[in-house]
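Asker: Have a look at this one.
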Amino acid sequence: MMELNKYLNESQDPKTVEKVLKKINELLTRNENVEYVAVQKKPAVNFSPDSVALTNKRIIFCRPKTFGLSMDFQDFLWKEIADCHIKEGIIGATFTAKKVKGGGIISMDYLPKSQARLLYRYAQEREEEMDEYRRQRELENSRARAGGGITVNTLNDKKQETEKQNDPLENLKKIKAIVRTGFNKSGRI
């Protein structure tokens, strides 16, 4: 029960959160953790409210079916999400996520405003991370298309080149080569 309290900071329904976490924990991949769970609160009686769970790797929309006996999960990796928004209304807020490819939109309404704000804040943090990830990928792809390889560490190459230029023996070899070519051009050997 102690772990459950971590997710009950914004007046979420404990029974719903417990039920959702139990099912979601079975879906998590290695090193994936649930960060936040928001639970829908409709003005009418709702025995099986929908919920949104945010993990460090994806967004999972949980929609109970057949009076809560089954559950429909829709999940999206953070790298698939282009943008997240909230729209606050009189009764609650709507959380919306827009996909990168195809521009599809998925949303959940009737979320308590405080929960929607936390969803939004967390989603914005993940969006920033994914923007940087996409930017790095685009740079790597651009380099690959241009025919350039990925340079990992050029510091040692520059250091060796500088040492080679300052090496007296190398300088003598260069001077000797220049003198030799100068004599060959003038006709002397």
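Asker: Arrange the residues Ile90, Ile105, Ile175 by how much accessible surface each exposes, largest first, with a 1.4 angstrom probe.
Answerer: Reading off the accessible areas and sorting them downward yields Ile90, Ile105, Ile175.
Asker: So, one more: Tell me the label-point distance for the pair Lys15, Lys176, using the 7 Å Cα-to-Cβ offset, in nm and rounded to one decimal.
Answerer: So the label points at Lys15 and Lys176 sit 9.3 nm apart.
Asker: When a/c reaches 1.5 or more, the comparison of a/b and b/c decides; with that in mind, is the range 82-141 rounded, prolate or oblate per its Cα gyration tensor?
Answerer: Cα axes put the range 82-141 in the oblate bin.
Asker: Rounded to whole Hz and in sequence order, give me ³J(HN,Hα) for the range 114-131 from the Karplus expression 6.51 cos²θ - 1.76 cosθ + 1.60, θ = phi - 60°, writing x for Gly and Pro.
Answerer: Coupling constants for the range 114-131: 5, 5, 5, 5, 5, 4, 4, 4, 5, 5, 5, 4, 5, 4, 4, 4, 6, 4 Hz.
Asker: Right, another one. Applying the Karplus parametrisation 6.51 cos²θ - 1.76 cosθ + 1.60 with θ = phi - 60° to the phi angles of the range 171-180, what ³J(HN,Hα) value in whole Hz is obtained for each residue in order, glycine and proline being reported as x?
Answerer: 5, 5, 4, 5, 4, 4, 5, 5, 4, 4
Asker: Sticking with this structure for a sec: Which of rounded, prolate, oblate describes the range 5-124, given a ≥ b ≥ c as roots of the alpha-carbon gyration tensor eigenvalues and a/c under 1.5 marking rounded, otherwise prolate only if a/b is larger than b/c?
Answerer: Cα axes put the range 5-124 in the rounded bin.
Asker: Could you rank the peptides 139-147, 24-32, 79-87, 50-58 by their average count of other C-beta atoms within 10 Å per residue, with the highest value first?
Answerer: Answer by packing, highest mean first, reads 50-58, 79-87, 24-32, 139-147.
Asker: At 0.36 nm per residue, minus the direct Cα-Cα distance, what do Asn25 and Glu127 gain on full extension? Give it in nm, one decimal, please.
Answerer: Separation in residues times 0.36 nm, less the Cα-Cα distance, equals 34.4 nm.
Asker: Something else: How high is the FRET efficiency from Gln136 to Asp75, r the C-beta distance, R0 30 Å, rounded to 0.05?
Answerer: Computed FRET efficiency for Gln136 and Asp75 comes out at 0.80.
Asker: What distance in nm separates the simple spin-label points at Asn33 and Arg143, each placed 7 Å from Cα in the Cβ direction?
Answerer: Result for the modelled spin labels: 3.1 nm.
Asker: Can you work out the base-10 log of I(q)/I(0) for the range 21-68 at q = 0.26 1/Å, using the Debye formula on its C-alpha atoms alone?
Answerer: -0.99
Asker: Order of 123-129, 38-44 by packing, highest average Cβ count within 10 Å first?
Answerer: So the order, starting with the most tightly packed, is 38-44, 123-129.
The values are calculated or read from the model by the stated rules, or taken from the named source; none is laboratory data. The model shown is predicted, which means the values in this text are computed figures rather than measured ones. Virtual Cβ from ideal backbone geometry, glycine too; neighbours counted across all protein chains shown. We work out accessible area using only protein heavy atoms, side chains counted, and drop any ligands, DNA or RNA first. Shrake-Rupley method; radii C 1.70, N 1.55, O 1.52, S 1.80 Å.
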